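Quick one: the structure is below, questions incoming.
The values are calculated or read from the model by the stated rules, or taken from the named source; none is laboratory data. Everything numeric in this text was worked out from a predicted model, so none of it was measured. All Cβ positions, even for glycine, are placed from backbone atoms using ideal geometry, and neighbour counts span all protein chains on display. Side chains included, ligands, DNA and RNA excluded: accessible areas come from the protein's heavy atoms. Shrake-Rupley method; radii C 1.70, N 1.55, O 1.52, S 1.80 Å.
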Amino acid sequence: MPFFSVKVSSEYTENERLDKYIASLPNGMNRSKLKSGITEILINGKKSKISQKVKANDQIDIQWEDNIPDNIDPENIPLDIIYEDENVTVVNKKQGMVTHPACGNWNGTLVNALLYHWGRESIAQLKEGTDAQIMERRRPGIVHRLDKETSGIIITAKNRDSEEWLQKQFKDRLLQKEYICICTGKPKERSGDLRTQIIRDPKNRHRFKAVIDTDEGKFARTIYHVISTYGNYSLIRVRIKTGRTHQIRVHMKYLGCPILGDSVYNSVDKQFPQASLMLHSYETKIRLPGESKYTCFRTKTPLRFLKVQKKLKNKFPKE
């Protein structure tokens, strides 16, 4: 994914928007590319918009994507559907499936599969417009997401009214999402309530890190409970109160128990060198459109978890 960095001169005295400033540089980007292909803008490490004014000594980091397709097409990809009615489709997303099209993953996503399942036509992609307009075309019906290697429950909206209904619950934190994960290491406490800020790791921009005693980044809260331990491994149930990027993975790392198979926040494990990310969205409680009571959706424990657990039970006593 292309990446552009520049530091504003200490002698800069203008009062320009970021997009105008970048476009004016000899090696800058035109405003059309900034609007259509941008994925992230950081000014002095903080997420910003193209309309932000720049000032002397600002450090600007921009990430964008090239070759945006003209259309997002329906694809006949099998889905594990847990529940469906006229308003929503609840899917048990398989590991390895990207939620919605983005740089490097323009097909084979959950959105492509849903368009086919719903009998929809291809969706033309905007190359110009506001960030919200561009992204809305890429993720129809998507109100939340899971990382590519995280499996489990995703609820999607089949119409605009349902999308707004569900989005409000996520925004106001009126739902309950519970995960299970297998981690390397054992927490000092069997249960805990983690409350930190999450910032981008200054040493590796593809990672995030949990920090305290600062107002930088975004607040994140994760409640965990250890179900069982086997040697130096733990099966942990996690409930998230916020929905930050990589939140559970970052908080388990912060706890000293990174998730098994996590190639970003953990090293390769000698006992399970082939392990993929052992994180699964197990349960979601949410009010369906028009309903006053909560509906609970659950999935079975994934096969990859059962295989690891079997090996752990044979090798270590359960604690």
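Roughly to the nearest percent, how much of the accessible area of the range 259-312 is carbon and sulfur, given a 1.4 Å probe? Don't skip to the end; give the middle numbers.
Numbers: 1560 of 3020 Å².
Of the solvent-accessible surface of the range 259-312, carbon and sulfur hold 52 percent.
Per residue, how many Å² of accessible area does the chain show with a 1.4 Å probe?
Dividing the accessible area of the chain by its residue count gives 52 Å².
Once ligands and nucleic acids are excluded and a 1.4 Å probe is used, how much of E319 is accessible, expressed in Å² to the nearest 10?
Accessible area, nearest 10 Å²: 110 Å².
Another question about this same structure. Once Lys and Arg get +1 and Asp and Glu get -1 on their Cβ, which of L114, V98, F297 lies farthest toward the positive end of the dipole of the chain?
F297
Determine the dipole magnitude for the chain: charges of +1 sit on the beta-carbon of Lys and Arg, -1 on that of Asp and Glu, nothing else is charged, the reference point is the Cα centre, and the result goes in debye to the nearest 20.
Charge dipole of the chain: 1380 debye, to the nearest 20.
Out of all DSSP beta bridges with both ends in the chain, state the antiparallel percent to the nearest 5. Provide the component values of the computation, followed by the final result.
On the way: 66 of 68 bridges.
Expressed as a percentage, antiparallel bridges in the chain total about 95.
Hey, another quick one. What is the distance, in nm, between label points placed 7 Å from the Cα along the Cα-to-Cβ direction at K20 and at K293?
In this crude label model, K20 to K293 measures out at 5.8 nm.
To make sure I understand the rule: partners must be lysines, Cα under 23 Å from the Cα of K46, and not fewer than 8 residues away in the same chain. Which ones qualify?
K7, K20, K33, K35, K55, K171, K203, K209, K218, K241, K253
Which is farthest toward the positive dipole end of the chain among Q247, Q274, S10, measuring Cα position about the Cα centre, with Cβ charges +1 (Lys, Arg) and -1 (Asp, Glu)?
Q274
What label, among (i) 0.99; (ii) 1.08; (iii) 1.04, belongs to Cα Rg over 2.2 N^0.38 Å computed from the structure on display?
(ii)
Round to a whole number: what % of the accessible area of the range 165-243 belongs to carbon and sulfur, probe 1.4 Å?
48
Can you list which of the trypsin sites (Lys or Arg not before Pro) found in the range 134-217 are DSSP loop residues with at most 11 other C-beta atoms within 10 Å?
K188, K203
Moving on. For the range 278-319, what is the number of Lys pairs with C-alpha distance below 23 angstrom, counting only pairs 8 or more positions apart or on separate chains?
Step by step, the pairs that qualify in the range 278-319 add up to 9.
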